Amino acid sequence: MEGRNTVDFDEEATFPLLKRGSCDTENAETEKIGSPAPADNLTPVVIFSTSVSVLGSFSFGTGVGFSSPAQSAIMHDLGLSIAEYSMFSSILTLGALFGGILSGKIADIIGRRYTMWFSQVLCAAGYLVISFSKSALWLDIGRISTGFGIGILSYVVPVYIAEITPKNVRGAFTAINQVLVCTGHSTMFVIGNFIHWRILALIATIPCLLQLLGVFFIPESPRWLAQINRWKECESSLQRLRGANADISGEVAEIRDHTETLKQLSNSNLTDLFDRKYAHALIVGLGVMGLQQAGGINTIAYYASETFESAGCSAAAGSIAVVVVQLPMTILGSLLLDKSGRVPLIMASAAGSCLGWFLLGSSFLLKDLRLSKSSPFLAFIGALVFEGSYSLGMGAIPWVIMAEIFPINVKGLAGSLVTAESWLGSWIISYSFNFLVQWIGSAGTFFMFCIINGFGLVFIKKFVPETKGRTLEEIQASLVLFTSKN
């Protein structure tokens, strides 16, 4: 095999699981004649465990969506200045950034379930502090606590779902994470306009409390149990997830082979993360998450009203239309993920996002040149095309890919890095948007986002592997081999 002499380990000996995986179907079938196939059936335990875990995703959405409908009432009740409320609103991102940095390490030490529990303690405490706050200081303390919890949840929820679900439904189930983020955000947006902000904060604790209770009734991730050599518990957890009568011997053997191989290759520390054998996975993980944020989503999330008003549209109608488009397209994307595959769907999403920004940029260019009276309509259509396209794939798939591609021995460190990148990118784009509009104009800013999404198409085509229908161990081993040969 060409390039084989460039690496210092025997690929076939090092990753024997590839010989029995989807990469060599005929050999696999020959080996397993007379033996039951590993169970890929969807069980009530998997459904319940996923439902409990995505309560954390709902909390993520409520945290992001809380500040917008509550702004005027909080400022009036507590006498806050614009600067004080801006600090309250934005400090969530700071807390989430630090939570993201520590998320992988926490999840590796105490496990996926107790990480979700710990995160929701922080979120619930934060909302309670906000609800009873009498000053800006206590608002900020509550908000940063909630942000820290959300930062951890943004990592551990998709990772837990990816590690417990059968490969044939893993993409759709992991994408439910994004569906519940959108649902939580929309819920705050809708009910926040009708109830007092203190009651709104108390309502936001409900999913926190439900998950705090629910994690005691779901199994721990079998991959994490394997990582810490708790093999009996690993098998028990996997049997519970796959069903009492399911044959899990093949899946257990695959997990064991992969885990033992990774332990021979390296220990889990920061320098290992930048080893050449993990380069491809790291490039993909950081790349797709960077494109998600650099593609401009937060300019719509945080500045939708301002953008529609600048284009001459109704801010209220535009903002409501964005919310109406967002959730159905996110659900559609999750349903298509295991049918179309990750790569075709995220490429379609990036192409649609590119088109949406082009229409928005064109509308502002026509408005600046006074060449068309239809520029408000064009801006409205462009925003909906972008939001719908983003929700179809770019919103969920980077988190799905992050949960799938990193080997268990570096997943905590790599996942923390990718999660922190997401929150840092969110802050940078949100903070810099108004400056970009001043420097290069609205049209120039939107055309810039169009170019970034166009570049994303090239990056995805070149680097992102298709992971549909493959076990986590097959995906991760193939990425190591790809790096070794290139």
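Derivation of every value follows stated rules applied to the coordinates shown; laboratory data play no part. The shown structure was predicted, so the numbers you read here are calculated from the model rather than taken from an experiment. Cβ: placed from backbone, ideal geometry, glycine included. Neighbour counts: every protein chain shown.
Here are some notes:
- A simple count of charges around Thr115, restricted to other residues whose Cβ falls under 12 Å of its Cβ and scoring Lys, Arg +1 and Asp, Glu -1, yields +1.
- Contour excess over end-to-end distance, with Cα ends at Ile320 and Phe463 and 0.36 nm allotted per residue: 47.9 nm
- Seen through its C-alpha gyration tensor, with square-root eigenvalues sorted a ≥ b ≥ c, the stretch 266-486 comes out prolate because a/c lies at 1.5 or above while a/b is bigger than b/c.
- Sequentially through the stretch 316-321, phi angles give Karplus couplings (6.51, -1.76, 1.60; θ = phi - 60°) of 5, 5, x, 5, 5, 4 Hz, Gly and Pro residues having no value and appearing as x.
- Taking every lysine pair in the stretch 266-486 that is 8 or more places apart or spans two chains, those with Cα atoms closer than 19 Å amount to 7.
- Rounded to the nearest 20 debye, the dipole size of the chain about its Cα centre is 720 debye, using +1 on the Cβ of Lys and Arg and -1 on the Cβ of Asp and Glu.
- Percent RCO, i.e. relative contact order, over the chain, from Cα pairs under 8 Å lying at least 6 residues apart: 24 percent
- Helix-only mean residue ellipticity at 222 nm for the chain, each DSSP H run of n ≥ 4 adding -39500 (n - 2.57), per residue, nearest 500: -26000 deg cm²/dmol
- For the stretch 54-213: rounded, prolate or oblate by the Cα gyration tensor [a/c cutoff 1.5]: prolate
- Using C-alpha pairs under 8 Å with a sequence gap of at least 6, the mean separation divided by the residue count of the stretch 266-486 gives a relative contact order of 37 percent.
- If R0 is taken as 25 Å, the Cβ-Cβ distance between Ser90 and Leu327 corresponds to a FRET efficiency of 0.50.
- FRET efficiency, Ser51 to Trp439 (Cβ-Cβ, R0 45 Å, nearest 0.05): 0.45
- Exposed loop positions in the chain were taken to be trypsin sites (Lys or Arg not before Pro) whose DSSP state is not H, G, I, E or B and which have at most 14 other beta-carbon atoms within 10 angstrom. Between these positions, the longest stretch is 135-369.
- Between the helical axis of 55-78 and the longest alpha-carbon principal axis of the chain there is an angle of about 20 degrees.
- Shown here: the chain, whose C-alpha atoms stretch 70, 51, 38 Å along the first, second and third principal axes, sorted largest to smallest.
- C-alpha long axis of helix 297-311 to longest principal axis of the chain, angle in °: 30 degrees
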